[in-house]
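Notes follow once the structure below has been shown.
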Amino acid sequence: MPAPTRTSREAWIEAGLTALADGGPDAVRIDVLAQTLGVSRGGFYHQYESRPAFLEEMLDTWERRSTHDVLDRVEREGGDARTKVGKAGMLTFSDELLPVDLAVRDWARRDAAVADRLRRVDNSRMAYLRSQIATFRADAADVEALALLAFSLAIGNHFVAADHDGRSRANVLRRATELLLA
């Protein structure tokens, strides 16, 4: 009889990030994740020392995917600064990454350590925006303002429920981005 296969750390992380996106940090429960993965609770403890250690690794994964992986891909695919800014925003707030990002933002309102990490991630994102915008805008105050506006548009768009006089949200966002980066 073959030895039982352990559920990988990656599978636990994926299940945890899905639970976080669906219900916040309180939804990241070991028993529920084990049931979702079809394994015993003990399997978790073969991979992780504790729930806090697991949550930390989940946040590490979110941070890596939403900053380092995104920026690596943007730089690898290239383009001018405006193209890179648009692509970075599209990837950062994609259907895959956005739900986790929004859940982390909500979590950060109640947890100082998560707020510190979110600040680090957002500072990294803003630094990238500044570096790209500075290639076509010389005034440092304009660069900072445009970076903030672009970042606010990317995040805030997901909280606005307004219609756009028969225009599609995608077209309005595209035009708003063009105006910001003109």
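The values are calculated or read from the model by the stated rules, or taken from the named source; none is laboratory data. No experiment lies behind these values; they were computed from the predicted model shown. Here Cβ is always computed from backbone atoms with ideal geometry, including for glycine, and neighbour counts include all displayed protein chains.
Against the definition (closer than 30 Å to A15 by Cβ and assigned to a loop (DSSP other than H, G, I, E, B)), how does E96 come out, yes or no?
Values: closer than 30 Å to A15 by Cβ: yes; assigned to a loop (DSSP other than H, G, I, E, B): yes.
Yes; evaluated as a whole, the condition is true for this residue.
Across the stretch 32-46, a minimum of one residue is classified as over 22 Å from W107 (Cβ atoms) and among the charged types (D, E, K, R). For the stretch 30-70, the candidate set comprises residues that are outside any helix (DSSP H, G or I) and among the hydroxyl-bearing types (S, T, Y); within that set, the residue that is modelled with the lowest pLDDT is S40.
Just give me the residues in the stretch 69-87 being closer than 14 Å to D122 by Cβ and either more than 11 Å from the chain's Cα centre (by Cα) or among the acidic types (D, E) (or both), in sequence order. The one that is closer than 14 Å to D122 by Cβ and either more than 11 Å from the chain's Cα centre (by Cα) or among the acidic types (D, E) (or both): L71.
Criterion first (modelled with pLDDT of 95 or more, of a type in the set (G, A, S), within 30 Å of T177 (Cα to Cα) and surrounded by 13 or more Cβ atoms within 10 Å (Cβ to Cβ)) does A88 satisfy it? No, not satisfied.
Among the residues of the stretch 135-150, those that are without any contact (Cβ under 8 Å) to a residue 40 or more places away in the chain and either touching an Asp or Glu at 6+ places or on another chain (Cβ under 7 Å) or closer than 15 Å to G86 by Cα (or both) comprise L146, A147, L148, L149.
Which one is surrounded by the fewest Cβ atoms within 10 Å (Cβ to Cβ), of the residues in the stretch 2-49 that are of a type in the set (S, T, Y) and under 24 Å from the mean Cα position of the chain (by Cα)? Ranking the qualifying residues of the stretch 2-49, first place goes to S8. Filtered by the rule that a residue be surrounded by 13 or more Cβ atoms within 10 Å (Cβ to Cβ) and under 25 Å from W62 (Cα atoms), the stretch 134-157 gives A147, L148, L149, A150, F151, L153, A154, I155, N157.
The set of residues from the stretch 158-182 being surrounded by 14 or more Cβ atoms within 10 Å (Cβ to Cβ) and among the hydrophobic types (A, V, I, L, M, F, W, C) comprises V172, L173, A176, L180, L181. Report every pair of residues separated by at least 6 positions or lying on different chains whose Cβ atoms are under 6 Å apart, first residue within the stretch 156-182 and within 24 Å of A81 (Cα to Cα), second assigned to a loop (DSSP other than H, G, I, E, B). Correct list of pairs: V172/H164.
For T177, the conditions (1) at pLDDT 95 or above; (2) β-branched (V, I, T); (3) in a helix (DSSP H, G or I) all hold with the exception of (1). Would you confirm whether any residue within the stretch 80-94 is free of Cβ contacts under 8 Å to residues at least 12 places away in the same chain and closer than 17 Å to A21 by Cβ? For the stretch 80-94, residues free of Cβ contacts under 8 Å to residues at least 12 places away in the same chain and closer than 17 Å to A21 by Cβ: present.
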